[in-house]
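Every number here is computed from the coordinates shown, using simple stated rules; none is lab data. Everything quoted here is computed from the prediction, not taken from an experiment. Using ideal geometry, Cβ is built from the backbone for each residue, glycine included, and neighbour counts are taken over all protein chains shown.
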Amino acid sequence: MTESELLSRHRAVLPNWLALYYDEPIEIVRASGRRVTDADGNTYLDFFAGILTNAIGYDVAEISEAIRSQLDSGVLHTSTLYLIRKQVELAEQIAELSGIPGAKVFFTNSGTEANETALMLATQYRRSNQILALRNSYHGRAFATVGITGNRGWSASSLSPVKVSYVHGGYRYRSPFASLSDADFIAACTEDLRDVLQTSTAGDVAAMIAEPIQGVGGFNVPPDGFFGAFKEVLDENGILLISDEVQTGWGRTGEHFWGMQAHDVVPDMMTFAKGLGNGLAIGGVVARGEVMDCLTANSISTFGGNPISTAGAKATLDYLLDHDLQGNAAKQGDTLFGGLRDLAEKYDVLGDVRGKGLMIGLELIEVDRSPSPPAAGVVLEEAKKRGLLVGKGGLHGNVIRLAPPMTLTDAETGEALEILEGSIAAAQEARK
Ligand code: PLP
């Protein structure tokens, strides 16, 4: 069966709203290191790591071994009603890494579920369903989480059970405060937060949820210290802070293990997923013990924290730490930023290069600086033709997102820069 036949069958039976990349979508059938191969035998350097899911790359012996040894026991999974050794060990490790005093961990199967759980805990703990989120946010695709997504392309519902108010600070490049210095930007957004609390809430807000760097929204980075200023206001008002680390966790930003650490803030809860399983479905919440334990009813996740995913995740986390992949994210990120900023000087279709470590956003623009989704489309397709897979996103669909596995080598970084130059030059040419 060809990829185009598979595409027709996919379209017939899967939802219309399920996003698919490329004019001619590909089926990935093999992978190794940082490279994936499609059903037609084309091999690509993967600069989106799935969607930041393959944190350490493909076919890593230590991870395969950990999964295989669990499979060999015959216990794929029974239920989480029984003790699971790897679940306990992984929870201990994440609780310690979180820096949250007295932390406890609940495992889920996705980032969406992790955020749904965090919202449930916050609303129960504070007995309020009022939530604050950032404009242009993305937190998942279930009932409550679409309702706190401040990005029209990704939020389908205004019928969610959560009452949400949005504050400024997410998408600085096109924000009314874009021209301000870092300090003034932080002050203006903090003032806006105070104003929203006064004018748009009844004063009983349960929590603020925020991505330290917005992912789907286009890899938007607030200045360091931004959430520190917010946290003071939240503390004054007894509001919990949930840091959505689904994209920013595990050292990907290079300078810190968690994105929120750039703001010198210890949140009340963090949610995580994506990179932890290196491709396996696992997510979770790490929270202050009293917040985690505020539920009085019994609860369970049948699959969250199962033996296979926790064995793979534990091996992934050990690998990340043992090989200092955070350090490599910083190093390769520096080289990429250097090269990409040079490209922005050369090609004015590239309006902004932003991010941290191995989370890099390239905003493509028209001559008048308005968003250029077509230019981003050209970069996506041209990079693929040249053997590089990248991501796309942003409020206007005009941001190319680079987030390769954190095991990236110097040679691969150089190869990607070369392909990106050709692809950006093609977008500049097409814009004329
Ligand atoms: N939170 C953030 C910041 C995300 O980027 C995503 C997914 O892209 C989610 C939550 C939802 O995670 P999942 O797709 O695993 O449900």
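Quick look at the values:
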{"item": "The chain shape via C-alpha gyration tensor axes, a/c threshold 1.5", "result": "oblate"}
{"item": "Relative packing of peptides 278-285, 123-130, 65-72 - highest average C-beta neighbours within 10 Å first", "result": "278-285, 123-130, 65-72"}
{"item": "Net charge dipole size for segment 168-232 [Lys, Arg +1 and Asp, Glu -1 on Cβ; Debye, nearest 20]", "result": "180"}
{"item": "Order by protection proxy (mean Cβ within 10 Å, highest first), peptides 115-121, 352-358, 420-426", "result": "115-121, 352-358, 420-426"}
{"item": "Top positive-direction residue, dipole computed over segment 287-432 with Cβ charges, set ASN328, LEU343, ALA430", "result": "ALA430"}
{"item": "Max mean-square fluctuation residue, GNM over the chain, Cα-Cα springs under 10 Å, options ILE131, ILE419, ILE28", "result": "ILE28"}
{"item": "Rounded FRET efficiency, nearest 0.05, which uses the C-beta distance separating LYS346 from SER64 and R0 of 41 Å", "result": "0.45"}
{"item": "Extension reserve of the SER370-THR43 stretch, reckoned as 0.36 nm per residue once the Cα distance is removed", "result": "114.3 nm"}
{"item": "Electrostatic dipole magnitude of the chain [Cβ: Lys, Arg +1; Asp, Glu -1; Cα centre; debye, to 20]", "result": "960"}
{"item": "Which of THR413, THR108 has the fewest Cβ neighbours within 10 Å, and the rest in rising order", "result": "THR413, THR108"}
{"item": "Size of electric dipole in segment 227-334: Cβ of Lys, Arg +1 and of Asp, Glu -1, about Cα centre, debye, nearest 20", "result": "440"}
{"item": "Cβ-based charge dipole, the chain, positive-most Cα from GLN130, ALA376, TYR58", "result": "GLN130"}
{"item": "Simple label model, 7 Å out from Cα along Cβ direction - ILE28 to ASP72, nm", "result": "2.8"}
{"item": "Selected from THR199, ILE186, VAL162, residue furthest toward positive end of dipole (segment 144-221; charges at beta carbon)", "result": "VAL162"}
{"item": "Kirkwood-based Rg to Rh ratio, segment 304-403, C-alpha trace", "result": "1.10"}
{"item": "Flagged links, alpha-carbon separation over 23 Å, of LYS331/LYS385; LYS274/LYS356; LYS163/LYS231; LYS356/LYS432; LYS331/LYS384", "result": "LYS331/LYS385; LYS356/LYS432; LYS331/LYS384"}
{"item": "Residue with peak Gaussian network fluctuation, the chain [Cα springs, cutoff 10 Å], from PRO405, PRO223, PRO101", "result": "PRO101"}
{"item": "Backbone N within segment 189-210 under 19 Å of label point (7 Å from MET120 Cα along the Cβ vector)", "result": "206-209"}
{"item": "Among GLY147, GLY254, GLY339, residue whose mean-square fluctuation peaks in a GNM of the chain (springs only between Cα atoms under 10 Å)", "result": "GLY339"}
